[in-house]
Amino acid sequence: MMKVTNLPLIVLLFFCLCSNVFQNDVQAQGIELTGNHQPIEQRSSICLFEEDHLSFKGILNINFDVHIRDDNTSGYLIRLKDKDQQPTYNLYFDKEGQQAVFRFNEEGKSGLIRLTVDIDQLHLQRWVPIRLIYDLRKGVITLAVGELATESTRAPQLKNYSPVVVFGKSDYLIDVPSFSIRELAITDDRQAFVFPMRESTGTVLHDEAGHPRGKVSNVIWLLNRAYHWNRSSALYSAQKSGSEYDLKRHVAYYFNSDSLYIHHLRGGSTESIRFTNPCPILIKLGNSFIDSTENRLYVYETFYEHPYSGPTVASLSLDDFTWRVESDRYLGLELNHHAAHYLADQRALFVFGGFGNMLYNNDMRRYDLDQSSWTASQNFSKDEILPRYFTSMGYSEATNKMYLFGGMGNESGQHIVGRKYFYDLYEVDPSAGRTTRLWQLDWKEHHFVPARGLVIPDDKWLYMLGYPEHVSHSLIQLRRFSLRDGSYEQLGDSIPIYSDKISTRAKLYHDKNLQKLIAIVQESDDDIRSKLSVYELDFPAISPSALHAFPSSAIQAWWRWFGVAIMVSIVAAALWIFRRKQKRQHQVTDEAMLPLRLQRTDTDDRLPKPAGWKHPDQNSIFLFGDFTVIDRRGNDISHLFSTRLRQVFCLILLHSNAAGISSTLLSYMIWPDKPKDKVKTSRGVTINSLRKALSTVEGIEIVYEHGHYRVVIDHPCYCDYAVLQTHIAKNKDLTARNISHLIRRGKFLLGSDDPLFDEAKGQLEEELISRLQQTILTLEEQHNWHLLFTAADLLMVLDPIHEMGLKKGLLALQNLHLTSQANHFYDRFKDQYQQLLGETYPITLSELMKI
């Protein structure tokens, strides 16, 4: 019988299992279908119930949300093809002038329903509900497009109806608009099929119970859009510039003194406008905000390094693109990297903090649009907020409060004293003139500063972008913090940023209508010319663990409960057996179970292969560590791959999970400055040389299809990157011996400083680190000290000075009673810390052991 001391754990586990099994609060995602702008074979299709032979009776309801892209494509949204030769129906979408037209037809015979909706009304919301109702008993079909239009028509009265339901391309019906669907539910009087569409890969569509109900082809799973940032535009300016996002018009603005670029998130087009008269103020940093009431873009500067007597605030009409001088009041304060937020109801811009003249600032100032003047805000208490810069500000409509987060600075405000990072949150009540600190975190991870713009969609959560400003080439990461206690999680993948110059900036926006987070990243390498990148991420964003969490293995509610009971019983028995076994083995040494990397001597720099696994010594390609290619005879042929061949091979391989890399994109990335005719020749010669170099390796081929290149790998070829990608896609544990050996071989594309691969390298490393962190937390909860050390050790292979790896590795060794190994593990970390950061690690081993 199990001891009573284990009961709390069992009870906790029971509720955790129940919450996981019955959790159904993850927002449904969806599927994007590609339309007529793609070749016929690449157009999308979703086919349901083709093999189920389902029969519907009574009233058949087909409900789904649709988003139709504004790219002038038209075609079939849905088709109902009955298996018993009953009438076949389809729904066709088209545009006539400023009208969207939905036509419901009996295929091959006649049009039954024609609904017209104003295009602007259709685009007011991202998702529009479509309801298709077939009352089989009465013989009536009803089509409804949201609340915008509804119409019914007569149809055959049927005892039952067994349609195959197809979205997009179907048989010879090849005209497909560019559209997305979500929240699909198909029901009748007896049964209901709900499709959450939370898959992230694959060709199978599951219902909410995890049953496969259909197949998809050439689709994009929208769950990926909530994890992977999509760069929708990249613009360039040779002058000092600024940038903003217009939440009302869903466009990004990129401006300099004589021009404005407008990037439309809807449709993806970009237009440029040259001003009749240039911007009246001298643009230095291009600080800006938008007043949507008057549709004006305001540009302001707080400081100039030389005597300046011109305007300091100007506004641009976003209707006719003419400038207007607003103010010549000179604040005269260098407030680099200050926080700012515009409150439309007060018609005032609030500015806090900043750095200049070797001083950090903690004043709250405001610029009043109606008075065209700067004033120091005397109503706000500043005692709690220490002087700082690189802080960020946002506003919540749910609480009617502004919020300030983090930054860098110190208590004295003097730069020469040194700076520290802040991870605190302040609530600012602009009405009561009161500032309250909500929480302050004891941050143990890598330091970061928040980008501009806090997104606070409700009274619970705060979203922000953060990046290490002290690293020139780094990554921006999205995090979600609790307003109540500061607990947080990392969401989505990362965005690359070059942050070497003071004019580099990033800002986060929440477009409620598009249901997206928008990130504007403006980078400069000389504080004059700049590049603007616009990124979008579906909201709400998801964590790495949620990306591959569906479909659930549960099928019926009663079976779930039964499964929970079985799992709890097994865990209870396992705990009892484990305790007894642990007592019997308490005296047995554990060192033999440790990773061989820890057991080696200090003088042996080789990494022995973990027992039980050995990588193939023929037909192998390694991208981790030194780039290595071994042919069918076991010969190392890496020397056959020049720098150019490695570039091309790696680019094609990195894009091979999808359709491949287009010849156009490959040419642009490798030969950006060559004329088209010469690029084609160079590309052909390089591809032929690459195929020749790979000809002695069995199981690998460079394939060219539909204008795209892909690497196809089959047995017996071994490619470490392909193996790892498969492992990650299946959400498997990275501590598996073949994967841990792969990671220990060295960093991905080690020795390659080519900027072509910076983003891929950074994203892969972030993915591995994030997964290992989650694994470490799980193994710690399970008290699996051997695997915990393995995971911590792997984490430090990827990041030699990762403090979580150090602390959790020491925790594992402490519980395994391996004191000497703990000393060695700590010394190795301390040496790396000194070497990489040029300073001594401040926490002693004894202090860490007490944590």
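Counting just the residues of region 600-636 that are modelled with pLDDT under 50 and touching a helix residue (DSSP H, G or I) at 6+ places or on another chain (Cβ under 7 Å), which one comes out surrounded by the fewest Cβ atoms within 10 Å (Cβ to Cβ)?
The qualifying residue surrounded by the fewest Cβ atoms within 10 Å (Cβ to Cβ) is GLY612.
Would you check if ASP753 is within 24 Å of the chain's Cα centre (by Cα) and not assigned by TED's automatic domain parsing to the domain that holds ILE661?
no
Picking from ASN823, ASN815, which residue would you name as being at pLDDT 85 or above, of a type outside the set (D, E, K, R) and surrounded by fewer than 14 Cβ atoms within 10 Å (Cβ to Cβ)?
Going through ASN823, ASN815 in turn, just one is at pLDDT 85 or above, of a type outside the set (D, E, K, R) and surrounded by fewer than 14 Cβ atoms within 10 Å (Cβ to Cβ): ASN823.
When region 294-306 is examined, which residues are found to be of a type outside the set (Asp, Glu) and more than 21 Å from GLY354 (Cα to Cα)?
Correct list: ASN295, ARG296, LEU297.
Residue by residue, here is whether (1) over 21 Å from ASN513 (Cα atoms); (2) touching a Phe, Trp or Tyr at 6+ places or on another chain (Cβ under 7 Å); (3) modelled with pLDDT of 90 or more holds:
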| position | (1), (2), (3) |
| --- | --- |
| PHE195 | yes, no, yes |
| LEU223 | no, no, yes |
| SER241 | yes, yes, yes |
| GLY267 | no, no, no |
| ARG274 | yes, no, yes |
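Determine whether region 809-822 contains at least one residue that is within 30 Å of CYS650 (Cβ to Cβ) and part of a helix (DSSP H, G or I).
no
Within region 744-784, how many residues are part of a helix (DSSP H, G or I) and either touching a residue at least 12 places away in the same chain (Cβ under 8 Å) or of a type outside the set (Ser, Thr, Tyr) (or both)? Don't jump to the end; show me each part of the working.
So the first thing to find is which residues in region 744-784 are part of a helix (DSSP H, G or I), and the list is 744, 755-782.
Now restrict to residues that are either touching a residue at least 12 places away in the same chain (Cβ under 8 Å) or of a type outside the set (Ser, Thr, Tyr) (or both): 744, 755-777, 779-782.
Residues meeting the conditions: 28.
Within region 365-415, restricting attention to residues that are more than 16 Å from ARG434 (Cβ to Cβ) and of a type in the set (Val, Ile, Thr), which residue is modelled with the lowest pLDDT?
Filtering region 365-415 for residues that are more than 16 Å from ARG434 (Cβ to Cβ) and of a type in the set (Val, Ile, Thr), the one modelled with the lowest pLDDT comes out as THR375.
If you check TYR833, TYR841, which single one turns out to be among the hydroxyl-bearing types (Ser, Thr, Tyr), surrounded by 17 or more Cβ atoms within 10 Å (Cβ to Cβ) and assigned to a loop (DSSP other than H, G, I, E, B)?
TYR841
Are there any pairs, at least 6 apart or on different chains, whose C-beta atoms fall under 9 Å, with the first in region 650-664 and touching a residue at least 24 places away in the same chain (Cβ under 8 Å) and in the same structural domain as PHE627 (by TED's automatic domain parsing) and the second surrounded by fewer than 17 Cβ atoms within 10 Å (Cβ to Cβ) and of a type in the set (Phe, Trp, Tyr), and if so, which?
GLY660/TYR704; SER663/TYR704
Scan region 352-363 for residues that are in contact (Cβ under 8 Å) with a residue 24 or more places away in the chain and surrounded by 16 or more Cβ atoms within 10 Å (Cβ to Cβ) and jot them down.
PHE352, GLY353, GLY354, PHE355, GLY356, LEU359, TYR360, ASN361, ASN362
Within region 637-658, track down each residue that is loosely packed, with under 13 Cβ neighbours inside 10 Å and more than 30 Å from VAL219 (Cβ to Cβ).
Matches in region 637-658: HIS639, THR643.
Tell me the residue from ARG479, ARG484, ARG452, ARG437 that is surrounded by 19 or more Cβ atoms within 10 Å (Cβ to Cβ), of a type outside the set (A, V, I, L, M, F, W, C) and either at negative phi or not assigned by TED's automatic domain parsing to the domain that holds SER237 (or both), please.
ARG452 is the lone residue from the list that is surrounded by 19 or more Cβ atoms within 10 Å (Cβ to Cβ), of a type outside the set (A, V, I, L, M, F, W, C) and either at negative phi or not assigned by TED's automatic domain parsing to the domain that holds SER237 (or both).
Can you name every residue in region 744-765 that is touching a Pro at 6+ places or on another chain (Cβ under 9 Å) and of a type in the set (Asp, Glu)?
If the condition is that a residue be touching a Pro at 6+ places or on another chain (Cβ under 9 Å) and of a type in the set (Asp, Glu), then ASP758, GLU759 are the ones that fit.
Filter region 132-183 down to residues that are within 34 Å of the chain's Cα centre (by Cα) and over 23 Å from LEU48 (Cα atoms) and give me whichever is surrounded by the fewest Cβ atoms within 10 Å (Cβ to Cβ).
Among those that are within 34 Å of the chain's Cα centre (by Cα) and over 23 Å from LEU48 (Cα atoms), it is GLU147.
Considering only region 427-457, state which residues are within 21 Å of the chain's Cα centre (by Cα) and more than 17 Å from ALA340 (Cα to Cα).
So in region 427-457, the residues within 21 Å of the chain's Cα centre (by Cα) come out as 445-457.
Listed by number, the residues that qualify are GLU445, HIS446, HIS447, PHE448, PRO457.
Filter region 666-689 down to residues that are in contact (Cβ under 8 Å) with a residue 12 or more places away in the chain and among the β-branched types (Val, Ile, Thr), then give me how many there are.
Looking only at that region, the number is 4.
Taking interchain pairs and intrachain pairs at least six residues apart, which have beta carbon atoms under 7 angstrom, with the first residue in region 72-93 and outside the structural domain of ILE62 (by TED's automatic domain parsing) and part of a loop (DSSP other than H, G, I, E, B) and the second surrounded by fewer than 20 Cβ atoms within 10 Å (Cβ to Cβ) and among the aromatic types (Phe, Trp, Tyr)?
If the second residue must be surrounded by fewer than 20 Cβ atoms within 10 Å (Cβ to Cβ) and among the aromatic types (Phe, Trp, Tyr), no pairs are left.
Can you find a residue in region 635-645 that is outside any helix (DSSP H, G or I) and basic (Lys, Arg)?
Taking region 635-645 first, the residues outside any helix (DSSP H, G or I) are 635-637, 641-642.
So of that shortlist, the ones also basic (Lys, Arg) come out as none.
The answer is no; no qualifying residue exists.
Out of all the residues in region 183-212, which are assigned to a strand (DSSP E or B) and either in contact with a helix residue (DSSP H, G or I) (Cβ under 7 Å, 6 or more places away or on another chain) or among the acidic types (Asp, Glu) (or both)?
GLU183
Looking only at residues that are of a type in the set (A, V, I, L, M, F, W, C) and at pLDDT 90 or above in region 197-221, which one is surrounded by the fewest Cβ atoms within 10 Å (Cβ to Cβ)? Reasoning before the result, please.
Applying the first criterion (of a type in the set (A, V, I, L, M, F, W, C)) to region 197-221 yields 197, 204-205, 209, 216, 219-221.
With at pLDDT 90 or above added as a condition, the list becomes 197, 204-205, 216, 219-221.
Details: MET197: 25, VAL204: 12, LEU205: 23, VAL216: 22, VAL219: 23, ILE220: 16, TRP221: 21.
My answer is VAL204.
Spot the failing condition for VAL697; the list is (1) surrounded by fewer than 21 Cβ atoms within 10 Å (Cβ to Cβ); (2) in a loop (DSSP other than H, G, I, E, B), and only one is missed.
Looking at each condition in turn, VAL697 falls short on (1).
The values are calculated or read from the model by the stated rules, or taken from the named source; none is laboratory data. Model, not experiment: these values are computed from the prediction. Reconstructed Cβ throughout: ideal geometry from the backbone, glycine too, with neighbour counts over all protein chains shown.
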